[in-house]
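Please treat every number below as a calculation from the coordinates, not as lab data. These figures come from a predicted structure and were not determined experimentally. Quick reminder, even Gly has a Cβ in these numbers, built from the backbone with ideal geometry, and neighbours come from all protein chains shown.
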Amino acid sequence: MRNNPILRIDPTGRWDVTVHLYNDRKVHGYGVAIVTDRKSDEVYRFNVRAEGTAGRNRMKDYADTPLGIYDIPNKNMWKTDGSRRSYGPNARLIMNEESGEIIKSGRDLIRIHGGQQEIYNEITKTWETVDKPTLVKTGGCLRALDADMAKFKSITDNLMSNDSEEFGGKVTIKGNLKQKTTWKGVPYKENTTYHAPGENASDEEKQNWNSWVNSILKQ
Amino acid sequence: MKVFLTIIISMFFSIANYGQIKFWENLSCEEKTNILNVCESELIKTFYEGHFVLSDDEKTVGLLNDLITVNDSTLPLSFYLLNKICTQSDGALAETVSSSCIQFVAMRPIYFLSYFSNNREISKQKQLFETYAMFIGSELYYKRIGTSNIKYDYKNLKEIFNSASESNNDIKETFNEFWKLVDKYIKNME
């Protein structure tokens, strides 16, 4: 019944996050997270990186983010303590393992967080954003830009404060973005197959691809 | 200057203590009890006793800080527990562990390399060896992109290891193998 397209309402009253990732993260480790309210209406979307420092085998600790369904606690789903450098200045989302690959892998402490985009200035005693912050690989979590994390939290906080039936729902991570190895410099469509930037594509080409994937998913 | 001093201390440690290095796994019950008795960190003792749940929280950060500010008398216990954390951490916790690992190994390069040296059958510890290389590679990458405040960079950490391992072929060999993995993981971060 959850997110039933006919009913267009989540009967349990939950906001959810669906993360669409590439099926082969060796080629492209990024994806898009789409946040929907309990009526399944999209309220926010942002880019994430789902590559782990230990590589592609998602059954291994520190490797890419495992697919599957994670439960967001109904309340107090945000964590703020710990390392600001690692997780950024904003809260991170707690995701408890529920089903799918994440359960088979036996892995844990997977979150959606920012981080590695600031440096602590020991003279001024303040955190400063580095030049050209990027989404650095994680220990298995999903990394987002700090600004996106702030907005993500603010939007879901507003949902819950304006609607007493809104609670934290699920994070569903899917490897449903497919690609072919050829890349012609701009995104294009051939029948129903979308061609994606190869491993050696420039940042700009990858960004173009991300923007394009976003526009497709909005349709 | 601080890094230079670290190199000197590391060299001194390597000359003075090589051959007397003790690891937790080889200690007698009595020796272990003595170490636990002098250990002042409640977090370390709680974790050792199995009553501490590792997580991406302040308490775990505190435990890691206690482990890296170790003195010689509790070194085997601290290293044993840091190894345990390295093998148990995943996800959000993994990102916090890397800076602790680099600080520990930079202060105790010989101790660290001895644990994995050939005469200690590195193959049995290959996974842990690789995990340390991954954490150190990650941290050096963060340093390179400007998000790490750690005082070590690629060049001076390598120099610390190089200087510390010069006097012993086994250690040197382990270091060379280790650094190849560090390089691999730095590249992997890109």
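The table below lists the values:
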| quantity | calculated |
| --- | --- |
| Residue mean of other protein chain beta carbons inside 10 Å, A:76-86 | 5 |
| Diffusion coefficient, µm² s⁻¹, Stokes-Einstein with Kirkwood Rh over alpha-carbon pairs of the range B:76-156 at 37 °C and 0.692 mPa s | 250 µm²/s |
| Nearest-0.05 FRET efficiency for B:Glu173 and A:Asp157, computed from C-beta distance (R0 51 Å) | 0.40 |
| Normalised alpha carbon radius of gyration of chain B [divisor 2.2 N^0.38 Å] | 0.98 |
| For q = 0.12, 0.13, 0.20, 0.21 Å⁻¹, Debye-computed log10 I/I(0) when each Cα of the range A:1-151 counts as one equal scatterer | -0.53, -0.62, -1.32, -1.41 |
| Value of D in µm² per second that Stokes-Einstein yields for the range B:118-190, Kirkwood Rh from Cα pairs, at 37 °C (0.692 mPa s) | 256 µm²/s |
| Among the listed pairs B:Lys45/B:Lys187; A:Lys137/B:Lys180; B:Lys45/B:Lys124, those beyond 30 Å (Cα-Cα) | B:Lys45/B:Lys187 |
| Filter on A:Lys79/B:Lys155; A:Lys26/A:Lys79; B:Lys22/B:Lys172; A:Lys79/A:Lys206; A:Lys39/A:Lys153 - keep pairs with C-alpha separation over 27 Å | A:Lys79/B:Lys155; A:Lys26/A:Lys79; A:Lys79/A:Lys206 |
